[in-house]
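Okay, structure first, notes after.
The values are calculated or read from the model by the stated rules, or taken from the named source; none is laboratory data. The model shown is predicted, which means the values in this text are computed figures rather than measured ones. We place every Cβ from the backbone using ideal geometry, glycine too, and count neighbours over all the protein chains shown.
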Amino acid sequence: MTTTMKSAMKPDMTVNLAGIPLRNPVMTASGTFGYGQEFAQYVDLETIGAFVTKGLSLNPRAGNPTPRIVETPGGMLNAIGLQNVGIEAFIAKKVPFLRTVKTPAIANFFGNTVDEYAEMTRRLDEIPEVAGLEINISCPNVKHGGIVFGTDPDSAASVVSACRAATKKPLIVKLSPNVTDVVVMAKACEAAGADALSLINTLTGMAIDLNKRRPVLANITGGFSGPAIKPIALRMVWQVAKAVKLPIIGIGGIMNATDALEFMLAGATAVQVGTASFINPGAAQTIAEDMEAWLIANGVADIKSLIGALET
């Protein structure tokens, strides 16, 4: 077969994520890929759709004491505590690298008050190298008794509304699975001005050392991710995709191309690879390449035709 014939069979892998053109639907998940540069020697960043930075805050954070990561059956628990360099160091030390990459960079960020979220949005809005913003609402509102923004629809809406007023960049909201009804949260964020939704964030879990009779994590609880949460994430993506008109980024236990394509059938426009990168730093690239190979093998000309194509 000639090169010309092969290229003619190449499927269309592009998707549009709330105005951000992606060469393919594969993104990396916040907190698992550093700020992009850390993985550049393991992944050709020009082969994935986008990468998401480690969560950013106004001021640097040291995170939680160790141990703060533990492997568990079917996944891993982490209690990193949102360690990050802060917005000033991000601009000074991390943004220059973003200028060297053609792949869209999405900045994940968080705050402890609505005002902090809004201020972070304003700061990130001024950075041309940042293609879009992903709001982590799985944080406690320190002004309202510590209620987590992402578990209360009114609190989530207040954050999204404040951030919406502070930027014209695409605004993605990362939803927590630790709620009674994820659809209610999704609708609240949509009504408040979100452009897209990421789901799911980690589930709250814990691990115990029987012999020591103590929790393994210094923080006691942590966020559970990995293959074991995939069925939960698929269900939530499917539910939300039927309830809102926003593009969805599917996250949760994506270890290979089959997992990623299943999320797209459930309604996801794009996917994020997280825990898999700890096992294989080049996982995102491999998954993107294998997705394309599957499309070729199955005669699918355009990956967008799979979005929400689940037959029930």
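Okay, here's what the table says:
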read-out	value
Qualifying residue in region 208-218 (condition: part of a strand (DSSP E or B), without any contact (Cβ under 8 Å) to a residue 12 or more places away in the chain, touching a Pro at 6+ places or on another chain (Cβ under 7 Å) and not polar (S, T, N, Q))	yes
Residues within region 231-259 that are among the small types (G, A, S) and closer than 23 Å to T72 by Cβ, tallied	4
Total residues in region 189-223, condition in contact with a Leu (Cβ under 9 Å, 6 or more places away or on another chain) and farther than 30 Å from K169 by Cα	7
Criterion: more than 13 Å from the chain's Cα centre (by Cα) and not polar (S, T, N, Q) - qualifying residue of G49, G55, G19, G34	G19
Which listed residue, of V95, V101, V70, is under 17 Å from Q37 (Cβ atoms), touching a residue at least 60 places away in the same chain (Cβ under 8 Å) and not polar (S, T, N, Q)	V101
Helices (runs of 4 or more DSSP H) lying entirely in region 78-192 (those with 1 or more residues that are over 20 Å from the mean Cα position of the chain (by Cα) and either over 29 Å from A241 (Cα atoms) or among the aromatic types (F, W, Y) (or both))	95-98, 114-125
The listed residue being among the small types (G, A, S), over 27 Å from V70 (Cα atoms) and modelled with pLDDT of 95 or more, out of A218, A186, A207	A186
Filter pass, T32 being among the β-branched types (V, I, T), closer than 24 Å to T103 by Cβ and modelled with pLDDT of 95 or more	yes
Given (1) modelled with pLDDT of 95 or more; (2) in contact with a Phe, Trp or Tyr (Cβ under 6 Å, 6 or more places away or on another chain); (3) within 22 Å of G81 (Cβ to Cβ), number of the condition C163 does not satisfy	(3)
Output for region 68-77, where each listed residue is part of a loop (DSSP other than H, G, I, E, B) and either within 22 Å of I137 (Cα to Cα) or hydroxyl-bearing (S, T, Y) (or both)	R68
Qualifying positions in region 216-230 - touching a strand residue (DSSP E or B) at 6+ places or on another chain (Cβ under 8 Å) and among the polar types (S, T, N, Q)	T221, S225
Unique residue being touching a residue at least 40 places away in the same chain (Cβ under 8 Å) and within 19 Å of I254 (Cβ to Cβ) when the list is A29, A18, A79	A29
The listed residue being surrounded by 17 or more Cβ atoms within 10 Å (Cβ to Cβ), at pLDDT 95 or above and touching a helix residue (DSSP H, G or I) at 6+ places or on another chain (Cβ under 6 Å), out of F149, F97, F109, F90	F109
Hits in region 19-67 (condition: among the small types (G, A, S) and either in a loop (DSSP other than H, G, I, E, B) or surrounded by fewer than 22 Cβ atoms within 10 Å (Cβ to Cβ) (or both))	G19, A29, S30, G31, G34, G36, A40, G49, G55, S57, A62, G63
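Condition check ((1) in contact (Cβ under 8 Å) with a residue 60 or more places away in the chain; (2) in contact with a helix residue (DSSP H, G or I) (Cβ under 7 Å, 6 or more places away or on another chain); (3) closer than 25 Å to P104 by Cα) across all residues:
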site	(1), (2), (3)
F224	yes, no, no
I232	no, no, no
Q239	no, yes, no
M255	no, yes, yes
